[in-house]
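A.B. asks: Mind having a look at this structure? Questions to follow.
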Amino acid sequence: MNLVIDAGNTRTKVGIFEGVTIREWKVFPIGTNPLDFISKTKFDHAILSSVSEHGDLLFNAIQPGVSKIRMSSKLLAPIKNLYATPETLGSDRLAAACGAWTLFPNESSLVIDIGTCINYEFVHQRGEYHGGAISPGLSLRFLSMHQYTSRLPMTEPTKEALLTGNNTITCLQSGVMNGVCEEINGIVTRYKHDHPGVRVILTGGDAHFFEKLAKPPIFVAPDLVLRGLNSILLHNVNP
């Protein structure tokens, strides 16, 4: 059994795998502690990907005797990493790309991971990770307008954004929600033009806002990063 931990900026995802099959996974918002869940689970190997100091505490808390590794670009992976500066590549980005490959091997994939930032990751059907793009996520867009202006309020995302807002709140929501939707659809269109048949995979904590707004066909995989991390773990414990 494998323990897989993805410690992000706003939530921690924990998955339990038997081989390539995910048996259970849970999401813990920042401020809640996954250690009770981890301590009650038996596993032989563990991998942790972290973009926060919270990940250090989790890694150190994994019980003695378990083979554990931290995600890095130096680990073996199921795909070839063609990123020009692999040492600067976020571990969650490479894991998402590997997750896409585990779901759709030998197919080109575009991963759209909507969280604190919106990450676009392209995997070629030859099994090559080429990179992608990074843009601000929903909360960052709302926060920047609030912080860098004197009168615009902080606003929350919504699935019901109007095209034409009729007050300040709905105007902010229209700009951010519709703007992100058009960004996603535009980038997907360009990838489909350059790579006909490319799979589009949506994941991340804010992906649910765009499951219906974005143009189909899009495959929704909330556990994508966990699957990718597990595939990397398997490559390193059973090379």
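A.B. asks: Scanning for something modelled with pLDDT of 95 or more and over 22 Å from residue 220 (Cβ atoms), does segment 129-139 turn up at least one residue?
C.D. replies: Residues of segment 129-139 modelled with pLDDT of 95 or more: 129-139.
Checking which are over 22 Å from residue 220 (Cβ atoms) leaves us with 130-131.
Yes: one or more hits.
A.B. asks: Still on this structure: Here is a check on your reading of the model: is residue 17 surrounded by 13 or more Cβ atoms within 10 Å (Cβ to Cβ), touching a residue at least 12 places away in the same chain (Cβ under 8 Å), assigned to a loop (DSSP other than H, G, I, E, B) and not basic (Lys, Arg)? Even if it seems obvious, please write down each step before you answer.
C.D. replies: Working: surrounded by 13 or more Cβ atoms within 10 Å (Cβ to Cβ): yes; touching a residue at least 12 places away in the same chain (Cβ under 8 Å): yes; assigned to a loop (DSSP other than H, G, I, E, B): no; not basic (Lys, Arg): yes.
Spelling it out, it is not the case that residue 17 is surrounded by 13 or more Cβ atoms within 10 Å (Cβ to Cβ), touching a residue at least 12 places away in the same chain (Cβ under 8 Å), assigned to a loop (DSSP other than H, G, I, E, B) and not basic (Lys, Arg).
Here is a yes/no grid of residues against (1) surrounded by fewer than 21 Cβ atoms within 10 Å (Cβ to Cβ); (2) at pLDDT below 90:
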residue	(1), (2)
26	yes, no
29	yes, yes
64	yes, yes
80	yes, no
96	no, no
105	yes, no
109	no, no
113	no, no
117	yes, no
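A.B. asks: Oh, and also: For segment 104-159, which residues satisfy the criterion of being more than 18 Å from the chain's Cα centre (by Cα) and aromatic (Phe, Trp, Tyr)?
C.D. replies: 142, 148
A.B. asks: Could you check segment 160-181 and list, in sequence order, the residues that are surrounded by 12 or more Cβ atoms within 10 Å (Cβ to Cβ) and closer than 21 Å to residue 205 by Cα?
C.D. replies: Applying the first criterion (surrounded by 12 or more Cβ atoms within 10 Å (Cβ to Cβ)) to segment 160-181 yields 161-162, 165, 168-181.
Result: 161, 172, 173, 174, 175, 176, 177, 178, 179, 180, 181.
A.B. asks: Against the definition (free of Cβ contacts under 8 Å to residues at least 24 places away in the same chain and surrounded by fewer than 19 Cβ atoms within 10 Å (Cβ to Cβ)), how does residue 140 come out, yes or no?
C.D. replies: The answer is no for residue 140.
A.B. asks: Report, ordered by the first and then the second residue, all pairs with beta carbons closer than 7 Å, sequence separation of six or more or different chains, a first member in segment 70-93 that is over 13 Å from residue 49 (Cα atoms), and a second member that is in a loop (DSSP other than H, G, I, E, B).
C.D. replies: Pairs found: 76/239; 79/127; 80/127; 81/73; 83/89; 86/73; 87/73.
A.B. asks: A follow-up question, please. Might you check whether a residue that is at pLDDT 90 or above, over 30 Å from residue 193 (Cβ atoms), within 15 Å of the chain's Cα centre (by Cα) and outside any helix (DSSP H, G or I) occurs anywhere in segment 34-46?
C.D. replies: No - not one qualifying residue is present in segment 34-46.
A.B. asks: Now a separate question. Just to confirm my filter: which strands (runs of 3 or more DSSP E) fall fully inside segment 51-129 and include at least 3 residues that are more than 23 Å from residue 183 (Cα to Cα)? Talk me through it step by step, then tell me what you get.
C.D. replies: Details: elements: 67-70, 109-114, 117-124.
In segment 51-129, 67-70 are the strands (runs of 3 or more DSSP E) which contain 3 or more residues that are more than 23 Å from residue 183 (Cα to Cα).
A.B. asks: Within segment 168-239, considering only helices (runs of 4 or more DSSP H) that don't extend past its boundaries, which have at least 1 residues that are modelled with pLDDT of 95 or more and acidic (Asp, Glu)?
C.D. replies: Counting at least 1 such residues, we get 179-194.
A.B. asks: Any residue at all in segment 157-167 that's small (Gly, Ala, Ser), over 26 Å from residue 183 (Cβ atoms) and part of a loop (DSSP other than H, G, I, E, B)?
C.D. replies: Within segment 157-167 (the criterion being small (Gly, Ala, Ser), over 26 Å from residue 183 (Cβ atoms) and part of a loop (DSSP other than H, G, I, E, B)), the answer is no, since none of the residues qualifies.
Residues checked against (1) under 20 Å from residue 11 (Cβ atoms); (2) in contact with a helix residue (DSSP H, G or I) (Cβ under 6 Å, 6 or more places away or on another chain); (3) not acidic (Asp, Glu):
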{"position": "149", "(1), (2), (3)": "no, no, yes"}
{"position": "177", "(1), (2), (3)": "no, no, yes"}
{"position": "183", "(1), (2), (3)": "no, no, no"}
{"position": "206", "(1), (2), (3)": "yes, yes, no"}
{"position": "211", "(1), (2), (3)": "yes, no, no"}
{"position": "217", "(1), (2), (3)": "no, no, yes"}
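A.B. asks: Of all residues in segment 106-133, which are over 17 Å from residue 6 (Cβ atoms), touching a residue at least 60 places away in the same chain (Cβ under 8 Å) and charged (D, E, K, R)?
C.D. replies: Hit for segment 106-133 is 107, nothing else.
The values are calculated or read from the model by the stated rules, or taken from the named source; none is laboratory data. Predicted, not measured: the structure shown is a model, and the values here were computed from it. Positions of Cβ are generated from backbone atoms using ideal geometry, with glycine treated the same way; all protein chains shown enter the neighbour counts.
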